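The structure appears right after this line, and notes come after that.
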Amino acid sequence: MAHGEVIQGRWSNRMTFILAASGSAVGLGNIWRFPYTAGEYGGGAFVLVYLLCIAAIGLPIMAAEIMLGKRGRGSPVSALTALARAHNAAGAWRSIGWLGMLTGALILSFYSVIGGWTLDYAVSAAAGRLAGLDAARAHDLFSAMIGDPYRLFVSHTLFMGLAMLVVARGVSGGLERAIRWLMPTLFVLLIGLVVFAAQTGDFVRGLRYLFEPDFAAFGNRAGEAVLSAMGQAFFSLSLGMGAIMVYGAYMQEGTVVGRSTVLIAGIDTLVALLAGMVVFPIVFANGLEPAVGPGLIFETLPIAFAELPAGRLFATLFFILLMIAAWTSAISVLEPAVAWLAEATHATRRRATLLAGGTIWLLGIACLLSLNNWSHITLFGKGILDLLDFVTSNVMLPLGGMLIAVFAGWVVSRSATLETFGISDRFTFTAWRLLVRYVAPVGVACVFAHAVGLL
Ligand code: TRP
């Protein structure tokens, strides 16, 4: 199978890669998943472990993914195949690509359902249905949505359709044009919301909750909490399944890997923390619970918005913002599978998108049914959606990431890596090699061992 030139297109300039990769990273993971997971594990201690995982595991693996994509110039499967061949390594390394596509399909199936919630709430907010809510009615409103399979079906279908629309049009036609104006808009809106939360919420208490580590808050679930913090780092940075790798494949020769990595991870972390700084002050100012689970932002923020004079406008903006962020992320989860299908079967991008997207859409229907009609189907006490979320983020992504680190650190030669990185700073490069060869794989292994009680 040919590789390399099969990949269609390059980002038109350096900035577009940064925008696209941060568009991938910044999404529901930052604004929906980060606050509710932090709330579930008690705040500050979780946040601290999360930040450590970003620095010691996430950063080196992100650089590795970008490097592998830039060097291999193909979908993750073909890039890994080509690189393994060039280094006389076993062809089996390409299975990281297969694992990635499976993980991506599972992630997108539930991600699209949540993306649908944001669409649904944006419409509700604009129509004034969130006006004048109190805690009880906000809860009822959310329960009514997740209890209605038809409503979830419509929003899931619309969201999935939006993601497929962009991916079908290809790198420069679709992704690039969408992302260029979506990302800056997102930032402006988020900063505005933080200012709003600082003025109307319990800002000090919110900040202390986020930034004062209290390890006692883990209780007897320390293994699970640390595993979830690591999973959150992988999920939020879009790592471990080849999403960033395939974006790296569209990178121009001259773009520097290291600096891009730090910038993207920095933006992503900033957005998650900003989201926390919006959510928790509002939670505390209204006497709400941080640990309510996936409904957190949907059950709490509308109450705060309801108290504002321009609440309807703020609420509408917020959910549109979230939908946009989710959209640019969903695109990147779909891209590796579509890039591979287009290469392997010589199908058009449109066909490949329909095939991959259609399969994921079907799986999404099982996820949305697990919230209502199929809620009795559980494994380890979790329904289909929760289980997919937990297993993909906390097991499959870290596993994929660990294999990517080992491949980049031990299989790809030092000289090839150095050349692809495009830097002359030997110190940073050596530090990265140490992190990716030892710290990241051992770190993931230790967290796994801790979670199953071995450590
Ligand atoms: N990072 C995105 C978010 O925070 C989600 C996402 C996009 C993702 N691409 C990914 C997660 C690849 C894991 C792997 O919402």
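Listed by first and then second residue, the pairs linking a residue in the stretch 346-366 that is within 18 Å of Gly74 (Cα to Cα) to a residue that is open to solvent by 70 Å² or more (accessible area, probe 1.4 Å), with Cβ atoms under 8 Å apart and 6 or more places separating them unless they lie on different chains, are Ala347/Leu355; Arg349/Gln8; Arg349/Arg169; Ala352/Thr345. Would the stretch 3-20 turn up any residue that is open to solvent by less than 10 Å² (accessible area, probe 1.4 Å), at pLDDT below 95, of a type in the set (S, T, N, Q) and within 16 Å of the ligand (Cβ to nearest atom)? Checked against the condition, which is being open to solvent by less than 10 Å² (accessible area, probe 1.4 Å), at pLDDT below 95, of a type in the set (S, T, N, Q) and within 16 Å of the ligand (Cβ to nearest atom), the stretch 3-20 yields no hits at all. Say we look at the stretch 94-149 and pick out the residues that are acidic (Asp, Glu) and assigned to a loop (DSSP other than H, G, I, E, B); which of these is farthest from the ligand (Cβ to nearest atom)? Out of the qualifying residues, it is Asp134.
Annotation: of all residues in the stretch 226-272 being near the ligand (Cβ under 10 Å from one of its atoms) and among the hydroxyl-bearing types (Ser, Thr, Tyr), the one that is most open to solvent (accessible area, probe 1.4 Å) is Ser238. Number of residues in the stretch 337-359 that are of a type in the set (Val, Ile, Thr) and surrounded by 24 or more Cβ atoms within 10 Å (Cβ to Cβ): the value is 2.
Look at (1) in a helix (DSSP H, G or I); (2) within 15 Å of Tyr50 (Cα to Cα); (3) open to solvent by 60 Å² or more (accessible area, probe 1.4 Å) and you find that Val154 fails only one, number (2).
Only one of the numbered conditions (1) in a helix (DSSP H, G or I); (2) within 23 Å of Leu59 (Cα to Cα) is violated by Leu162, and that is (2).
Return the only residue of Ala56, Ala82, Ala89, Ala63 being over 21 Å from the mean Cα position of the chain (by Cα), in contact (Cβ under 8 Å) with a residue 24 or more places away in the chain and assigned to a helix (DSSP H, G or I). Criteria check complete, one pass: Ala82. Determine whether Phe187 is more than 19 Å from Ile66 (Cα to Cα), out of contact with any strand residue (DSSP E or B) (no Cβ under 9 Å at 6 or more places or on another chain), more than 12 Å from the ligand (Cβ to nearest atom) and modelled with pLDDT of 90 or more. Spelling it out, it is not the case that Phe187 is more than 19 Å from Ile66 (Cα to Cα), out of contact with any strand residue (DSSP E or B) (no Cβ under 9 Å at 6 or more places or on another chain), more than 12 Å from the ligand (Cβ to nearest atom) and modelled with pLDDT of 90 or more.
Residues in the stretch 38-53 that are surrounded by fewer than 24 Cβ atoms within 10 Å (Cβ to Cβ) and within 14 Å of the ligand (Cβ to nearest atom): none.
Could you please let me know if Leu321 is closer than 22 Å to Leu210 by Cβ, among the aliphatic types (A, V, I, L, M) and at pLDDT 90 or above? The answer is no for Leu321.
Taking Ser24, is it polar (S, T, N, Q), in contact (Cβ under 8 Å) with a residue 40 or more places away in the chain and within 16 Å of the ligand (Cβ to nearest atom)? Spelling it out, Ser24 is indeed polar (S, T, N, Q), in contact (Cβ under 8 Å) with a residue 40 or more places away in the chain and within 16 Å of the ligand (Cβ to nearest atom).
In the set Gly116, Gly104, Gly69, only one residue is farther than 24 Å from Pro398 by Cβ and buried (at least 24 other Cβ atoms within 10 Å of the Cβ); that residue is Gly116. None of Leu434, Leu388 is in contact (Cβ under 8 Å) with a residue 12 or more places away in the chain and assigned to a helix (DSSP H, G or I) except Leu388. Of all the listed residues (Val447, Val439), the sole one being open to solvent by 50 Å² or more (accessible area, probe 1.4 Å), part of a helix (DSSP H, G or I) and among the aliphatic types (A, V, I, L, M) is Val439.
The values are calculated or read from the model by the stated rules, or taken from the named source; none is laboratory data. What you see is a predicted model, and the numbers here were worked out from it, not measured in a lab. We place every Cβ from the backbone using ideal geometry, glycine too, and count neighbours over all the protein chains shown. Ligands, DNA and RNA are excluded from the accessible area calculation, which covers all protein heavy atoms including side chains. Shrake-Rupley method; radii C 1.70, N 1.55, O 1.52, S 1.80 Å.
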